[in-house]
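Before any comments, here is the structure.
A short reminder: the numbers here are calculations on the coordinates, not readings from a lab. The model shown is predicted, which means the values in this text are computed figures rather than measured ones. A quick note on method: Cβ atoms are made from the backbone with ideal geometry, for glycine too, and the neighbour counts reach across all protein chains shown.
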There are 2 protein chains.
Amino acid sequence: MSVTVVGSVAFDSLETPFGSRERILGGAATHFSVAASFFTDVRVVGVVGEDFGDDEFAVFRSRGIDTTDLQQVPGGRSFHWTGRYEDDMNVAHTVDTQLNVFADFDPQLSESARSSRIVFLANILPALQLQVREQCSDAMLTGLDSMNFWIESERDALTAAIRAVDCVVLNDAEVRMYTGEPNMAKAARQLLALGPRVLLMKQGVYGACMVTAESFFSVPAYPLETVVDPTGAGDSFAGGFFGYLDSLEKSELDDQDLRQAVVYGSVMASFVVEEFGNERLQRLTEDEIHERFDEFREMTVFEPPVRATTR
Amino acid sequence: MSVTVVGSVAFDSLETPFGSRERILGGAATHFSVAASFFTDVRVVGVVGEDFGDDEFAVFRSRGIDTTDLQQVPGGRSFHWTGRYEDDMNVAHTVDTQLNVFADFDPQLSESARSSRIVFLANILPALQLQVREQCSDAMLTGLDSMNFWIESERDALTAAIRAVDCVVLNDAEVRMYTGEPNMAKAARQLLALGPRVLLMKQGVYGACMVTAESFFSVPAYPLETVVDPTGAGDSFAGGFFGYLDSLEKSELDDQDLRQAVVYGSVMASFVVEEFGNERLQRLTEDEIHERFDEFREMTVFEPPVRATTR
């Protein structure tokens, strides 16, 4: 079993109230694949420049991630995002974006990347997401992420991509923006009407919810006292979600499988933000993941009342 | 057993995207007491004018709420709030505030109001909250609500009131504002350090969380497709919370009691916003409350994994 993720593999330069980092390994596909690698085999599809060195490849290798489809362009430079977070860590301020080799990203998947049971289309040009989706026609489960920029500039292509996947991962502001509907429950229903079976709505410090035709499920964010760097939280969430689902090796996923996957996604997101980039995930252990999963149960469980209480 | 609530009893004139109402029964103590009345006996302490008529008193009477301490000022006019909600129903826009008799509110509680086991100090001048708190020295459980206005203008008195109660009910923006700490978990810890045992943090469409020294508990908001009028959601939440706790008739409340109470609070808040004012609660049934409580369990429950999933 394996998961294929297509998206950015990049350098990030970051400044947060807790410090800064220059050109650390980042990108949506990186965060997704490192998180998913704790659960299953992962293949990463992306493009990097000649500046992408042994240290960067080693991060993928150390997690057993297959980089066969991580194309390196001779003489090219990797995608480089420079961002800043202020006191409200929910808002990323982009200082500079150098797309570099990512501007001409034209993913052609290898046979093995195409054969994964699960394919996640991280936040890239919607037309590319659709093109990759068509290359993976046998995938059992497909998902995509997107962003406000594509909602505004590539709405039709994004709609086509949404129609072609099983699972949409967006934050709630994006869902409201895409549907034009301020009410979250209505907005979710409108989005699902396009075809996806599952909507994962990320809500930042408030957690996440999953909406399907049959079920609404909500999980809070882990109440961290220190969020050092929120970059990659959403992609690590998706990585934990799809990685866990793949690890089940089931041909049919039920509502409880999906719910557990949402919690594993939340667990992975809660770890990644504890330190810069994926520093925290590089020394994360299986026991820590299980412990935090249990803490999520602790945070949300309540008993039915023992007797009639109203009058 | 009974709960006493002290606060505003008022007329509200409201405009929302779903319609408008002129001079309907409102006020924090009204919403609290109607919600709490589904669980236990309630005594409301407040002041109204001569314009407060039989129809208004009948709402309290129909719910069995004791209005002995609802003082009526001859020749006076009742507190009248005029507000508007736009597409973002999380934000109330105040059009006009006529304090009227509420400006001179000086609550002197009757013997029976003082003897309630639970006392809730709805959002009023913090110095008055403290004065009422002192009148109810035997209360088993006390709580207060407040608002941004008092946080800015009456900070020291509010701090004194917070120190004097067991349970603080605020929305998350207010907690951040009061503590000056943007991180919710840190802000909660700072607030609890002042003395209260329980912090209930309301989070609007995202639900609510409860923080104690030992425990963090979170519950989502009920995903309503139509919120007609958000007025009173927070006070109905508090009413359901304290009303349920009183109904337990226990001398010691444990974490599970408090969690169930948070859910009952969320249930009552989810009903009140379905229609204007307390129209929905006037025809709410016990069965509907239990059903929605069960739906909250449905929305939040997930199983532990059946096998080791990470690697």
Cα centre as origin, Lys/Arg/Asp/Glu Cβ charges: the protein assembly as shown dipole, Debye: 320
Under-5 Å amide H pairs with B:Gly207, H placed in peptide plane, nonlocal only: B:Ala221
Cβ-derived FRET efficiency at R0 22 Å, B:Gln282 paired with B:Asp54, nearest 0.05: 0.90
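Using the eigenvalues of the Cα gyration tensor, what equivalent ellipsoid semi-axes result for the range A:106-159 when each is taken as the square root of five times the eigenvalue, whole Å, largest first?
Values: eigenvalues 93, 22, 14 Å².
Semi-axes from the Cα gyration tensor: 22, 10, 8 Å.
Ignore the peptide's own chain and count Cβ atoms of other chains within 10 Å of each Cβ in A:206-218; give me the average, rounded. Present the calculation step by step, with values, prior to reporting the outcome.
Numbers: counts 11, 6, 0, 6, 0, 1, 0, 0, 0, 2, 7, 6, 11.
Mean partner shielding for this stretch: 4.
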Percentage relative contact order, the range B:55-161, counting C-alpha pairs under 8 Å, at least six apart: 19
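Quantify how strongly other chains surround peptide B:294-304 by giving the mean number of their Cβ atoms within 10 Å of each of its Cβ atoms. Display every interim value, and only then the final one.
On the way: counts 1, 1, 2, 4, 3, 7, 10, 7, 16, 6, 6.
Per-residue shielding by partner chains comes out at 6.
Using a ≥ b ≥ c from the Cα gyration tensor of the protein assembly as shown (square roots of the eigenvalues), is it rounded, prolate or oblate, where a/c under 1.5 gives rounded and otherwise the larger of a/b and b/c decides, a/b for prolate?
On the way: a/c = 2.21, a/b = 2.17, b/c = 1.02.
Taking the square roots of the gyration eigenvalues as a ≥ b ≥ c, the protein assembly as shown is prolate.
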Gain upon complete extension [B:Ser110, B:Met1; 0.36 nm per residue less C-alpha separation]: 37.6 nm
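In the range B:196-267, what trypsin sites (Lys or Arg not before Pro) fall in a loop by DSSP, with at most 14 other Cβ atoms inside 10 Å?
Details: sites: B:Arg197, B:Lys202, B:Lys250, B:Arg259; in loops: B:Arg197, B:Lys250.
For trypsin sites (Lys or Arg not before Pro) across the range B:196-267 that sit outside H, G, I, E and B with at most 14 neighbouring Cβ atoms in 10 Å, the list reads B:Lys250.
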Proportion of all alpha-carbon pairs of chain B beyond 38 Å (%): 8
Simple spin-label estimate for B:Gln190 and B:Glu86 in nanometres, 7 Å along Cα-Cβ: 3.0
Per-peptide average of other Cβ atoms within 10 Å, ordering B:182-195, B:291-304 highest first: B:182-195, B:291-304
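Other chains near A:220-226: what is the mean number of their Cβ atoms within 10 Å of each residue's Cβ?
Numbers: counts 10, 5, 3, 10, 4, 8, 3.
Mean number of neighbouring Cβ atoms from other chains: 6.
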Fraction of the pair-distance distribution of the range A:159-209 above 15 Å, Cα-Cα pairs, percent: 38
Ranked packing of B:267-277, A:205-215, most packed first, by mean Cβ within 10 Å: B:267-277, A:205-215
Whole-number percent relative contact order across the range B:132-279, with pairs defined as alpha carbons under 8 Å at least 6 apart: 18
Whole-Å distance, taken between Cα centres, linking the range A:100-133 and the range B:130-209: 50
Paramagnetic reach from B:Met147 in the range B:50-80 [backbone N under 13 Å; point 7 Å along Cα→Cβ]: B:79-80
